[in-house]
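Please treat every number below as a calculation from the coordinates, not as lab data. Since the model is a prediction, treat every value here as computed from it, not as a measurement. Heads up, the Cβs are rebuilt from the backbone with ideal geometry, glycines too, and the neighbour counts pull from every protein chain shown.
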Amino acid sequence: MQFSYAEILEIFSEKHKIIPDKKNAFRGRLQHFQRLGFPAGANTGKGNMVAYSWRDLFLIGLALDCLEIGSTPDRSVNEITKFEDVFMSTVASVALGDQNEESSEFKCFLIVELSNLMSLKAEDDWSQTVKLLSHQDMMQILSSEGLDAHQSPYALIDLRQFLAATLNAIFANVSGSKKNIIRDLKLWATEKLDSDAAHAA
């Protein structure tokens, strides 16, 4: 399944509840990502039609979520590029209804460092890795004892909610039955995880 630029615009306008009068400004945010060459491989040049894959759609969706919580486009793209594989593998697991998804050990909370002041800090203090947290990890962070391994300025994104909200926006703005859209998503997710397994072997 592929998505047109117009569909991408409508999907994320719906997801982020963009009012009609502000849609041109929102389009400008998407065009900024294009100028940054993001997502890599999705930009075919001016005047050419771009067909976006599930991968592209999810990357754009995450970048917009990062903007929603206060990051800049450049910072968001730089961070997402570092952990694309981790992010995609987890979204694929969520899409397939991973058998461990109900377990307190299922890692579905993405914790990312989006500080705009990062470049002003000592390089040793830079966070170069992204982490996925489980419910159990979250309970430790929120407990009365606390867990200082993940201090502000981090952001947490629940990838189950991310996927559900994105799918609802797709259902509302893309032609085709929900059944077929879900089937195609699961096919993409299966291929993604099979590819991960092949590379790990």
On full extension of the chain, what length is gained from A164 through T190, given 0.36 nm per residue of separation minus the C-alpha to C-alpha distance? 7.6 nm
Hey, can you rank 162-175, 15-28 by average C-beta count inside 10 Å, highest first? 162-175, 15-28
Along Cα→Cβ, 7 Å out, is where each label goes; now give me the distance between the ones at S4 and A40 in nm to one decimal. 2.9 nm
Nitroxide proxy distance, nm - points 7 Å out along Cα→Cβ at A200 and V86: 1.5 nm
Taking a point 7 angstrom from the Cα of S53 along the C-beta vector, which residues in segment 1-32 have backbone N less than 16 Å away? 1-4
